[in-house]
Amino acid sequence: MLNPSVKDTNFNMRINGQKKAELERLYGSLGMTLPEAVNIFFENSLLRGGLPFEVRLPQFIRETERAMLEALEILNGRRAAKSYSSARELFDELDREESC
């Protein structure tokens, strides 16, 4: 009979060095190593018959989606960014938008 706790093979993967260091700090603060955390992930995957968390596309509020698209257009130079001569001018415009 196989003993499921016996580790008899290696698993290698490549990961960004900075991300690996961040993960090692995170899991270290939880009292475990990165390989121990990966083993927990795999065990939970087997117990649940899939990923141990929900995977789905983020659903944003329409207004947030429009603002994100506008920001991308500004970043890519397809739309001019608004500018204000003072903070007061900005807040006055925001107040006008809010009252509409």
Students often check this: by mean Cβ neighbours within 10 Å, which of 32-38, 85-91 ranks highest, and how do the rest follow? 32-38, 85-91
Go ahead and set up a Gaussian network model of the chain, Cα springs under 10 Å, then flag whichever of 49, 28, 77 fluctuates most. 77
For the chain, what is the mean residue ellipticity at 222 nm derived from helices alone (per DSSP H run of n ≥ 4: -39500 (n - 2.57); sum divided by total residues; nearest 500 deg cm²/dmol)? -17500 deg cm²/dmol
The chain - charge dipole about Cα centre, Lys and Arg +1 at Cβ, Asp and Glu -1, debye rounded to 20: 480
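Throughout, read-outs are computed from the coordinates displayed, never taken from laboratory work. These figures come from a predicted structure and were not determined experimentally. Glycine gets a Cβ as well: all are built from the backbone with ideal geometry, and neighbour counts include every protein chain shown.
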